[in-house]
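The values are calculated or read from the model by the stated rules, or taken from the named source; none is laboratory data. Computed from a predicted structure; not experimentally measured. A quick note on method: Cβ atoms are made from the backbone with ideal geometry, for glycine too, and the neighbour counts reach across all protein chains shown.
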Amino acid sequence: MSCFWTTTRRTALAALAAAPMALGLGTGPASAESVLRIVPHADLKNLDPIWTTAYITRNHGYMVYDTLFAQDDKLNIHPQMVGEHSVSDDGLVYTFTLRDGLKWHDGDPVKAEDCVASIKRWGQKDGMGQKLMDFTKELNAVDDKTFTLTLNEPYGLVLDSIGKISSNTPFMMKKEHAETDPNQQVPEVVGSGPFRFVKEEWVPGAKVVYVKNEDYVPRSEPASGAAGGKVVNFDRVEWIYIPDPATAMNALINGEVDLWETPAVDMVPLLEQDENVELAVIDPLGTQGWLRPNHLHPPFDNPKARQALLYAVNQAVYLQAIVGDPKLYKECAAYFICGTPNESDVGVEALQSHDPEMAKQLLAEAGYKGEKIILMQSTDIPVLNNAALVTAQVLRDIGMDVEVQAMDWSTLTSRRAEKKSPADGGWNIFHTYATGADATSPIANIGVSGGGVERAWFGWPTDAETEELRDMFAREADPMKKKAIIDKLQGRLFGHLVPYVNYGQWFQPVAWRKGLKGVLVSPVPFFWNISKDAG
Amino acid sequence: MYAYIARRLLATLPVMAVVGIAVFLLLHLTPGDPAVVIAGDYARPEDIEKIRENLGLNEPLHIQFFSWVGALLSGDLGTSIFSNLPVAKLIGQRLEPTLALAIATIIFAILVAVPMGVIAAWRAGTMTDRVIMVFAVLGFSVPVFVIGYAMMWLFSITLGWFPVQGYKPIGEGFWPFLRSITLPTVALGIIYVALIARITRASMLEVLTEDYMRTARAKGLDNNALLIRHALRNASVPIVTIIGIGIALLIGGVVVTESVFNIPGLGRLTIDAVLRRDYPIIQGVILIFSGAYVIVNLIIDLSYTILDPRIRY
């Protein structure tokens, strides 16, 4: 009897141990097709990177489309689709010639007329594009490979605009698609970039599939940022959207995905302990936090009340609350991002002084008499949620009566368009953030516009002097003179306008499986140049 | 009977109409604007306005409603504001994972819970009964995501038996499908096991004290015949009712499970659509859910006639 039980038990244990293999639960056979699986920061919901400024759609744009110029990892502009280019002596006529071998995914050659139509569409939509179009007299295709851009007057940001790295990035599309109204989506995805989009396998909310574009001819220079040769080392790239951070972390640890674009900061310590995972910050510009006051209504229609905010805010407190790990943040007062050529220290003392008493004094001088401050709190975005809670306490500490109104981000983005007084459904303060790539210059950084109700971003700062300085910056080509304008502009922003209060700069690490090589340093994640060690 | 079924099916039409009107009004009166989400954080107000115009969101509410209803009557659930894909296609892509998870969960729950409840009732007051009821209380109390993460750690990361996340359609093979669905099924199913086991035990206890059970025992029937043929059959109406309620509750339950195990099902589709105010998707999914709810209730009502011949419609 006991012998029977022993035998049976052994058999049962052996069967149990073998069960996973029998059920196919073990590691499957390696596929001949090489696949890079990544977890993107968001779900790809729409496919037209001109129609929307969503970063995930911009990243999709880089997969399937190409750009005329591109920024390297130091933000310098280099030709990408363009082979040769020249500027006339008077600085008014730019001539561009496309390099050889450019083809659309349907096999047609890329022509100059496609690029002309693409620039025009982008120029209707993007802030820098609109500015460029304001200075543009005409844009014409000369022949199949050459086109010219003629300016009304010299403009210092032509290549910076056409080569801008972030949304809306001027991606080149086929003429027939580029002629679509920019407020409608293009009907198809036909690019000339290093990957082809596989529409049949696209499951919005779950998965996006790209395959290598075998016809793509990379540049000969090494890849750097968005510039250089886009050499693809995988047959297929899959974006697997995993909204739950714990699940994404487990999928990376378990080897089910190769790279996680935006690990939650509270998961970073766990990932650091895993010997199969590497973590690195690949976007040296990081992200800048914005506390945006409403300039239309009291008390923040008064410059002194806005300056009171500068004295009240302590970046270290915000950064502790939203990031926590000092390795991943930096106190940086500059409006145009620390670590860039446009970083300036003019006027930063107010934000660096952390002087609540001065803030109270400025509020009194502004005539603040205890009116209720409506602070909109976006509860579904942890960074913004925490920043709003810190601000509520900071304002209470300087004697303001704060009403925190909790809502989701969608509701907040509708409400912030309200110009009515806070008592009638408007607002006083909300928080947001901008990636460094979108905040490095006075033209790209929409938050510093002083164009008022007509032209400025939500919050509607109004200041003719700020606008004049921004225009001067746009016209100027000399880097030294540009820097002098930046200093003057930042002095004006801190000393008078305070379009927003910068509550700190932080850096999002990227996590990938060890063995993955060639992840590029850039504000945008790129999936060319990456390779995987065999085994 | 057939007249009853026809009447019940016809009654779904006004129910769906009320659901449709309520959902449409609730969504359009809720703050939030898909055009703002589309345009992105840095868009200028005039760009947002142009997108609203192109999407028809500036039309008066009643015009938007009638154009939606008109399309619906011709079988068109509309087009997603964001992806530009037909809502029917998006729902079709997500239906299989949700259905697979829901059906697997119900089968798992019934197969585990009913025997547990029967045994607990049969051994009422003993250690076996107490162990089963402690499990039921735990199963009812521990949230799905805690069970999910714990199982993920043990069976996926430590033992490597199952994937952490994802769904493999049954068309890609039965074993990959089973492998992808096992952990979510068990995680989601435990609460239903607890619920059904408790109801089964309570119903069985009530039946086991009936006179006819004493008579059956006196006749010398064995335990299996006694419990299954006589007691369980007579205790089954409340059990089937709770299973029906469980199926309806599953619609909410799958949302968390789909998120934890990254299953691209209808729950996640709905949450994503709500956060972005993708009205056509939300309206389409809620109509499908409410239709499914009505049909499940009808099937449960009809099953009473089989389980209890005294019930007639």
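Some observations on this one:
- Of all residues in the stretch A:115-143, those satisfying the criterion of being more than 14 Å from chain B (Cβ to nearest Cβ) and among the basic types (Lys, Arg) are A:120, A:137.
- Single residue of the stretch A:490-535 satisfying the filter (aromatic (Phe, Trp, Tyr) and in a loop (DSSP other than H, G, I, E, B)) that is surrounded by the most Cβ atoms within 10 Å (Cβ to Cβ): A:500
- Looking only at the stretch A:366-424, residues that are free of Cβ contacts under 8 Å to residues at least 12 places away in the same chain, closer than 26 Å to residue A:455 by Cα and among the basic types (Lys, Arg) come to 1 in all.
- Scan the stretch A:431-454 for residues that are more than 11 Å from chain B (Cβ to nearest Cβ) and either within 13 Å of the chain's Cα centre (by Cα) or assigned to a strand (DSSP E or B) (or both) and the total you get is 4.
- Residue in the stretch A:229-249 that is nearest to the other protein chains (Cβ to nearest Cβ), counting only those that are touching a Leu at 6+ places or on another chain (Cβ under 9 Å) and of a type in the set (A, V, I, L, M): A:249
- Scope the stretch B:266-307; condition charged (D, E, K, R), in contact (Cβ under 8 Å) with a residue 24 or more places away in the chain and within 14 Å of chain A (Cβ to nearest Cβ); matching residues: B:268, B:276, B:277, B:278
- Within the stretch A:175-221, the set of residues being in contact with a Gly (Cβ under 8 Å, 6 or more places away or on another chain) and within 14 Å of another protein chain (Cβ to nearest Cβ) comprises A:197 only.
Yes or no, residue by residue, for (1) surrounded by fewer than 18 Cβ atoms within 10 Å (Cβ to Cβ); (2) at pLDDT below 85:
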{"site": "B:60", "(1), (2)": "yes, no"}
{"site": "B:84", "(1), (2)": "yes, yes"}
{"site": "B:96", "(1), (2)": "yes, no"}
{"site": "B:110", "(1), (2)": "no, no"}
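Conditions (1) touching a helix residue (DSSP H, G or I) at 6+ places or on another chain (Cβ under 9 Å); (2) of a type outside the set (Phe, Trp, Tyr); (3) without any contact (Cβ under 8 Å) to a residue 12 or more places away in the chain; (4) under 23 Å from residue B:167 (Cα atoms), marked per residue:
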residue: B:216; (1), (2), (3), (4): yes, yes, no, no
residue: B:224; (1), (2), (3), (4): no, yes, yes, no
residue: B:237; (1), (2), (3), (4): yes, yes, no, no
residue: B:240; (1), (2), (3), (4): yes, yes, no, no
residue: B:245; (1), (2), (3), (4): yes, yes, yes, no
residue: B:259; (1), (2), (3), (4): yes, yes, no, yes
residue: B:264; (1), (2), (3), (4): yes, yes, no, yes
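- Taking (1) small (Gly, Ala, Ser); (2) more than 14 Å from the chain's Cα centre (by Cα); (3) assigned to a helix (DSSP H, G or I) in turn, residue B:220 satisfies each apart from (3).
- Among the candidates B:155, B:162, residue that is within 14 Å of chain A (Cβ to nearest Cβ), part of a loop (DSSP other than H, G, I, E, B), modelled with pLDDT of 95 or more and closer than 23 Å to residue B:254 by Cβ: B:162
- Put simply, of B:195, B:178, B:183 the only residue that is free of Cβ contacts under 8 Å to residues at least 40 places away in the same chain and part of a helix (DSSP H, G or I) is B:178.
- Filter result (touching a strand residue (DSSP E or B) at 6+ places or on another chain (Cβ under 6 Å) and closer than 17 Å to residue B:23 by Cα) within the stretch B:247-279: none
- Residue check: residue B:25 meets all listed conditions (1) more than 8 Å from chain A (Cβ to nearest Cβ); (2) modelled with pLDDT of 85 or more; (3) closer than 30 Å to residue A:199 by Cα but one, namely (3).
- Counting the residues of the stretch B:37-53 that are within 36 Å of the chain's Cα centre (by Cα) and either within 9 Å of chain A (Cβ to nearest Cβ) or within 22 Å of residue A:43 (Cβ to Cβ) (or both) gives 6.
- In the stretch B:114-148, of all residues being part of a loop (DSSP other than H, G, I, E, B) and out of contact with any Leu (no Cβ under 8 Å at 6 or more places or on another chain), the one that is surrounded by the fewest Cβ atoms within 10 Å (Cβ to Cβ) corresponds to B:125.
- Spans of helices (runs of 4 or more DSSP H) in the stretch A:77-187 with at least 2 residues buried (at least 22 other Cβ atoms within 10 Å of the Cβ): A:112-125, A:127-135, A:158-162
- Any chance residue B:281 is surrounded by fewer than 24 Cβ atoms within 10 Å (Cβ to Cβ) and among the aliphatic types (A, V, I, L, M): no
- Residues that are in contact (Cβ under 8 Å) with a residue 24 or more places away in the chain and either closer than 12 Å to residue B:98 by Cβ or surrounded by 21 or more Cβ atoms within 10 Å (Cβ to Cβ) (or both) were ranked within the stretch B:248-257; the one that is nearest to the other protein chains (Cβ to nearest Cβ) is B:257.
- For the residues A:275, A:214, A:256, A:200, the requirement of being more than 30 Å from residue A:400 (Cα to Cα), free of Cβ contacts under 8 Å to residues at least 12 places away in the same chain and part of a loop (DSSP other than H, G, I, E, B) singles out A:214.
- Failed criterion for residue B:75 (all others in (1) in contact with a Leu (Cβ under 8 Å, 6 or more places away or on another chain); (2) not in a helix (DSSP H, G or I) hold): (1)
- Per this entry, residue B:3 is not counted among residues that are more than 12 Å from chain A (Cβ to nearest Cβ), within 27 Å of residue B:254 (Cα to Cα) and among the hydrophobic types (A, V, I, L, M, F, W, C).
- Elements of type helices (runs of 4 or more DSSP H) in the stretch A:336-427, at least 1 residues being within 14 Å of chain B (Cβ to nearest Cβ): A:382-397, A:409-415
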